[in-house]
């Protein structure tokens, strides 16, 4: 296992990138701690697979270095980096048995058969695939094939990092959950560094200790699931994580006060910086219906089970609220209250208020 | 990378050499050919081509070939389409046996059929017509077309058919306006292979024709009889037979590699 | 799942009629000849299975069959590996791919007798490019009208020239259908190029290679026009393959009975070997 550092990483798929728009990755500096469970979250095309392939060595970055435990591996090919990667679609060697599939990475590295047997047996037990060890891999169901793909990464006890590139895409929903908890379990048992790439926030938040959120080739926030939810550093994170996402409302600064639709709104703490485009951010979970406050009209009420989502209009701006009980009708005139310590100001997209004491 | 691309380059060079020689000879005079070796035509002449384009028995051979090949391609693809659809969508009594029997016709040596074909087509009065050759070539082209088309159709989800019926399409309208466009690559590939095998086959084409529908390739044998070998003329006629194939292949260049890959075994 | 529908027969009917017209009537004619003797004037005598017995016992048939198997064996053993090697070394994408494919497919689109004629003038001593090169530059005595070995080498090289591209096209189609992830996984698993070939590329090419081998078997086993135009079966009988011999008997000597019996035996062998190939190569999938 190793600590992985990325410094000044940039990558472009074009031979002669002209400007920032030509870069799939724009300047990434990141440290992955040894033994951590990370998720790399972002919408399709944000550069997360590119970043993953750079770490595994399938791609050589245009600029920047990759260090494993301080050792520069930027120019090393994948097989010398001691990494494991699981792909979106299960990759298995059709003509081999499950046993031979699992043994493949070890045999390629010249380990003796007693060791191979020991590791394969161990991993097969961990993955619950012992009964099928002598079956031809081609005949397995998709979820078992994906397990074997994972297993090929796990058999090696010297891997620096295990990477998963949207591994559950082709798996049936009820098996997704099973495989995900299996992964979590494996992480706890093996203490391996794992990086899990996904565009699905549920997968990211349930799997990872630390989530790295990416957008358009940039890392916008790194944090625990709770941090991402409660204090998004960027409006993109606020919007992308949570269901429904954070309310992002156009606001103006007028002599130290924050004004939204003609009303002053109190924010969590002191405002930093100046100028730029300012927006208010408040999660629907922290918007409540009140006697006084922002006047709003209810546009739609949807009951989603444990709670209800109320869509309202404040002036011309839609604001969503999540409440336990929806006792209002469509078209009703209501007042909204924002919880002050959960209301933040964003300047050009980035958080621009200090946390409440 | 450099070293690797040497193999295809060498292979293509090997393929082009005899073709180059044929083309180069077609521009030489008979005298130059017989007088000895020359890598390039010394006295460049278009005389051989002039002979072909002015003598009706030559250029009609060319036209005859194109007529029966086109006829065969159209017939083969048109009949194969519904059959391939049936094989890819339905189970019916004897379907597997029928499919296999069709394929066995692809295995029949043409030499076996030459004489009976002559008698068959003579007896129905089709001897020495374009239609006779076009129909005879169906023997090996229809199984091939059914095979290729079935492969392509198998790749189209059945839901497409069902959606169309739900939307109120009649079968013929669905087949022509929705289904055909989705498998047009397959139709192209099937048509290409039909064209190819009909164009290159000679044994049956020669057996079934005498004068009226004689293919260009058969015309070439006459260079041997009159005044010894007219190699220049032979080469020119040969060169001309390469051109239609080259044109057709250019149009399907992006599909040919996929052609058989989607067929079933 | 396919639905049961007997009306599907109507879709198949045109194909059935056309192919049956072309296949059944001639085959019946052949069967008819094969059990009769004629001295012309449409007078036939019942002969039973005598012709079959005669053909199966004749040294001439054995020799032609032996040459045919040798030819097909050599063709397969050269063209299949060569085709795979060329397909493996082709670029995966880019401008050159369609150019390569078009150039490679060109020989397959030349009428078969033109192929024979082309190779004839290519190999003529003194005036053919290859003939001149062999005799006058390398000093090797090369004349396929005299030397059986030279004739054999020439028809083999001609067939390699003519049909290897088919194997290349099919193998290439199989190769480009392999997702990149397989190669990436193999890199990470530390697989050598040989193992990548053995465990990824070869299994993924299996279907198309089965088709390639079947097609190459059928077509090389039935080959007639190209070697006939090139060598006429000579020198002597050295390159008289089955089809050539068949046509000699049927049209040259007009021995219809023996020719018909030979046709049927020939067809039966082609079917049998094709079926064997097919069963052997798809055996694993059935399990």
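Here is how the numbers come out for the structure above:
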quantity	calculated
Point-to-point label distance, residue A:94-residue A:141, nm (Cα→Cβ direction, 7 Å offset)	2.2
Gyration tensor (Cα) of segment B:35-98, equivalent ellipsoid semi-axes in angstrom	49, 17, 9
Alpha-carbon Rg with Dmax, taken over chain C, Å	23.2, 78
Whole-Å distance, taken between Cα centres, linking segment A:282-332 and segment C:53-86	83
Estimated FRET transfer efficiency (residue B:74, residue B:173; beta-carbon r; R0 30 Å; 0.05)	0.90
Within 10 Å of each Cβ in B:55-64, the average number of Cβ atoms from other chains	0
Likely footprinting exposure, B:60, C:96, fewest C-beta neighbours within 10 Å first	C:96, B:60
Mean-position separation - Cα centroids, segment B:74-121 and segment A:156-205, in angstrom	52
Pairwise FRET efficiency - residue C:13 versus residue B:247, Cβ, R0 = 56 Å, nearest 0.05	0.95
Percent RCO, i.e. relative contact order, over segment A:245-351, from Cα pairs under 8 Å lying at least 6 residues apart	33
For C:127-134, mean number of other protein chain Cβ atoms within 10 Å	4
Highest to lowest packing among C:168-178, A:224-234, scored as the average C-beta count within 10 Å	C:168-178, A:224-234
Chain B: Cα Rg divided by the 2.2 N^0.38 Å rule of thumb	1.22
For chain A, the spread of Cα positions along each principal axis, largest first, Å	75, 46, 37
Between 0 and 90°, nearest 10: helix A:113-127 axis offset from chain A longest Cα axis	30
Shape of segment A:57-205, Cα gyration tensor, a/c cut at 1.5	oblate
Kirkwood-Stokes translational diffusion coefficient of segment B:80-138, alpha-carbon pairs, 25 °C, 0.890 mPa s, µm²/s	181
Length-normalised contact order of chain C in % [C-alpha pairs under 8 Å, at least 6 apart]	27
Ranking of A:107, A:119, A:297 by count of other Cβ atoms within 10 Å, fewest first	A:297, A:107, A:119
For the protein assembly as shown, Kirkwood radius (reciprocal of mean inverse C-alpha pair distance, Å)	33.2
Whole-angstrom gap from segment A:112-134 to segment A:70-84, using each part's C-alpha centre	26
Tilt relative to chain A, helix A:173-190 - C-alpha long axis, 0 to 90 degrees, to 10	70
Residue-averaged beta-carbon neighbours from other chains (10 angstrom radius) around C:25-34	4
Cα-based helix-to-principal-axis angle, A:142-154 vs chain A, degrees rounded to 10	70
Beta bridge orientation in the protein assembly as shown: antiparallel %, DSSP, nearest 5	75
Ratio Rg/Rh, restricted to segment A:245-351 and using Cα atoms, in which Rh is the Kirkwood radius	0.98
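The numbers here are math on the coordinates, done by the rules we state, and not lab data. Treat the numbers as computed from the prediction; the structure is a model and nothing was measured. For neighbour counting, all protein chains shown are included, and Cβ atoms are generated from backbone atoms with ideal geometry for every residue, glycine included.
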